[in-house]
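The values are calculated or read from the model by the stated rules, or taken from the named source; none is laboratory data. What you see is a predicted model, and the numbers here were worked out from it, not measured in a lab. Neighbour counts run over all protein chains shown; Cβ positions are idealised from the backbone, glycine included. Heavy atoms of the whole protein, side chains included, go into the accessibility calculation; ligands, DNA and RNA do not. Shrake-Rupley method; radii C 1.70, N 1.55, O 1.52, S 1.80 Å.
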Amino acid sequence: MPVMPKFSEVCPRYPLLYPKKKSIPNSAKQSQLVIYRQTQSAKNLQKILAMAATVPKVTISNGSQTMLLPVIGLGTATRPQVSETTKSAILDAIKIGYRHFDTAFIYGSEQPLGEAIAEAIKTGLIKSRDELFITSKLWCSFASPELVLPAIKTSLRNLQLDYLDLFLVHWPLKISGEVKRLPIPKETIFPIDIKAVWEVMEECQNLGLTKAIGVSNFSTRRLDELLSFAKIPPSVNQVEMSPLWQQKDLREFCQVKGIHITAYSPLGSRGAKWGDSESLEYKVLEEIAKAKGKTVAQVSLRWLYEQRVSFVPKSFNKDRMKQNLEIFDWSLTEEELNEISKLPQRRGVLPSMIMEPSDLVREIEAEI
Ligand code: A2P
């Protein structure tokens, strides 16, 4: 059982737990109200700590040390990105127990995440930044060796942090210049010089700008190439994965090589079309969900958990965020796992949704 920290350790400055003497009202009625509020706040805080403590963590390696990664993180990619909405959703998430946040330069969510973290520390929701696991990603426009260090420093500035927990190469691609329009024109898309870029990713870790480095959207072939020269092997490969896109071969490869998989679009994102109750995939998942008194989303996340990957569902709705956390005290049966393993496969995220389909884009698309 995890040891629960004392309140005083968690939030020494929490105003209602430690009211200044002067601010305690004199009348008995008001005093009772203060005590009631203190008790409620204490209870809420206890709930937050209990929820955060129930999220299991997986051990990942950064090449020299092991680190603990909470298996569920909050995805923050959304369009349009409205800073205030994102910040307030992240604060809600911290309140209900999320401690792992997934962002990227290109999502535009680094700034609101940074503001939310600063506010969470200031208001005593968390004691320090070290309680969080923060992942960000090197956007393709910076996937050249001379741009990697400036890029991580920009991300850290956006996030108001001294270090990331994990910094990922976002795509095995390089884009020349800024992204000014979608789809990204094919004449601006180039192969990445991963050897040269990775050397600077390693430097980022050696300089303490990030605790670990990894990649995203890398196929087994590209991981093999990377492993052939990496002094620090990638600790994580973040890829699309859900019951609708199960990534069996990649998972087996990564398990052998000691690379942890984080699933993005774990609910199928656009591919799932929530409410698309006519699809076979949805019906199978819905039947399992009904039999267990759970939702399709919970069944999908539980399936991912049982595949020993971590996952970053995006929800900015407090009830659904909570629902997505409630998957750790029940399990799927062998039969249910077998049903899910037979689901027809279709992807939700394709690079050609945002990039003009050059040969390179098609090649990457076919690989992952
Ligand atoms: P919302 O933000 O309104 O909750 P993915 O993480 O696979 O990219 O999926 C994200 C989509 O799934 C978002 O549209 C999000 O909407 C929705 N979503 C997240 N959690 C749930 C849930 N528990 N039930 C239904 N939809 C969900």
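The listed peptides 56-67, 145-156, ordered by packing as a protection proxy, come out as 145-156, 56-67 (highest mean of other Cβ atoms within 10 Å first). Note on residue 180 and residue 339: with the Förster distance fixed at 56 Å, the Cβ-Cβ geometry gives a FRET efficiency of about 0.75. The spacing between the stretch 240-267 and the stretch 156-182, judged by their C-alpha centroids, is 22 Å. Seen from residue 66, the other residues with C-beta closer than 14 Å to its C-beta sum to a net charge of +1, counting Lys and Arg as +1 and Asp and Glu as -1. 3J(HN,Hα) along the stretch 142-153: 10, 7, 10, x, 6, 9, 5, 5, x, 5, 5, 5 Hz, from the Karplus curve 6.51 cos²θ - 1.76 cosθ + 1.60 with θ = phi - 60°, whole Hz, x for Gly and Pro.
The mean accessible area for residues of the stretch 183-228, using a 1.4 Å probe and ignoring ligands and nucleic acids, is 42 Å² per residue. Per-atom-type breakdown for the stretch 72-181 gives carbon and sulfur 53% of the accessible area (1.4 Å probe, protein chains only). Within the stretch 195-269, the proportion of C-alpha pairs whose separation exceeds 16 Å stands at 49%. Across the protein chains, with a 1.4 Å probe defining accessible surface, the residues 98, 305, 163 rank 305, 163, 98 from largest area downward.
For residue 207, the accessible area of its heavy atoms, probed at 1.4 Å with every protein chain present, is near 100 square angstrom.
A 1.4 Å probe run over the stretch 111-163, with the rest of the protein chains in place, finds 39 Å² accessible per residue. Shown here for the stretch 174-264: trypsin sites (Lys or Arg not before Pro) in loop regions (DSSP other than H, G, I, E, B) with at most 12 other Cβ atoms within 10 Å, namely 180, 181, 231. Per residue, the Cα convex hull of the stretch 211-368 amounts to 140 Å³. Computed over the Cα atoms of the stretch 48-98, the ratio of the radius of gyration to the Kirkwood radius (Rg/Rh) comes to 1.09. Scoring 128-141, 285-298 by mean Cβ neighbours within 10 Å over their residues and listing the highest first yields 128-141, 285-298. The portion of the accessible surface of the stretch 298-368 made up by carbon and sulfur, rounded to a whole percent, is 43 (1.4 Å probe; DNA, RNA and ligands excluded). Summing +1 for each Lys or Arg and -1 for each Asp or Glu among the other residues whose beta-carbon sits under 13 angstrom from that of residue 328 gives +1.
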